[in-house]
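Everything below concerns the one structure shown next.
The values are calculated or read from the model by the stated rules, or taken from the named source; none is laboratory data. As the structure is a computational prediction, the values presented were derived from the model and not from experiment. Glycine also receives a Cβ, built like all others from the backbone with ideal geometry; neighbour counts cover every protein chain displayed. For the accessible areas, the whole protein counts, side chains as well, though only heavy atoms, and no ligand, DNA or RNA atoms are used. Shrake-Rupley method; radii C 1.70, N 1.55, O 1.52, S 1.80 Å.
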Amino acid sequence: MTMTTRTRIARLRTIGLTGLATTGAAAAALTLMPTTAQAAEMTQAHTSTAVTASSNDSRKSGYSNNLDGWIKQSLQIMKSKGIPGSYDGLKRNIMRESGGNPGAQNNWDVNAQKGTPSKGLLQVIDPTFNAYHVNGTAKSVTDPVANITAAANYAAHRYGSIDNVNSAY
């Protein structure tokens, strides 16, 4: 896919999300990311950050410092806090939102244009992360475990569970 094609797709998404923003849905939501194919392409460009990330909590927990470990650690925290969600629901949404890249950042949608780009595995904007941060996780939107857990907490409040989310939030 050429850069021109990516730029056109990004512009189309921005136009579509602008309509959503007028209803308030996009402003409070986690945001749209590229299609799975585009996310995979982006992930290949960032292979070093897609494999591991700097998460002090992950290294101390006994879980592996990779996507599987981050999801499992988040599930343990979610269970202890009564936040519903499954491994499959988390992984499906992570792969759609960031392609598994904890360093992913959306710099083109309506939230980015307003100065709050979506960040991390589940593409959380800072205000959403701050509102749904779960104690016991790092206070950093880019920390993989904190990002997953906060997004799952948001999804639980908004949709009943991350498992009920099958498109952009």
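Cα centroid separation, segment 73-89 to segment 130-169: 10 Å.
Which FRET efficiency value, to the nearest 0.05, do you get for Ala131 and Asp68 by plugging their Cβ-Cβ distance into 1/(1 + (r/R0)^6) with R0 = 22 Å?
It comes out at approximately 0.20.
Among the trypsin sites (Lys or Arg not before Pro) within segment 62-162, those in coil by DSSP and having at most 13 neighbouring Cβ atoms inside 10 Å are Lys114, Lys139.
With the full set of protein chains in place, find how many percent of the accessible area of segment 87-131 is carbon and sulfur; take the probe as 1.4 Å. Walk me through the numbers on the way to the answer.
Working: 790 of 1590 Å².
Taking all protein chains in place, segment 87-131 shows 50 percent carbon and sulfur surface.
Residues in segment 71-82 carry Karplus couplings, in order, of 5, 4, 5, 4, 4, 5, 5, 4, 4, 5, 9, x Hz; the curve used is 6.51 cos²θ - 1.76 cosθ + 1.60 with θ = phi - 60°, and Gly or Pro positions show x.
Whole-Hz Karplus values for segment 141-151 come out as 4, 8, 5, x, 5, 5, 4, 4, 5, 5, 5 Hz, taken residue by residue from phi with 6.51 cos²θ - 1.76 cosθ + 1.60 and θ = phi - 60°; glycine and proline positions read x. In terms of its C-alpha gyration tensor, segment 89-137 has an oblate overall shape, because the principal axis ratio a/c (a ≥ b ≥ c, square roots of the eigenvalues) is not below 1.5 and a/b does not outweigh b/c. With an a/c value of 1.5 or above and a/b larger than b/c for the gyration tensor axes a ≥ b ≥ c computed over the alpha-carbon atoms, segment 74-169 is described as prolate. Would you please classify the overall shape of segment 57-115 from the alpha carbon gyration tensor, given that a ≥ b ≥ c denote the square roots of the eigenvalues, rounded means a/c under 1.5, and beyond that prolate means a/b larger than b/c while oblate covers the rest? Prolate is the answer for segment 57-115, as a/c is 1.5 or above and a/b outweighs b/c.
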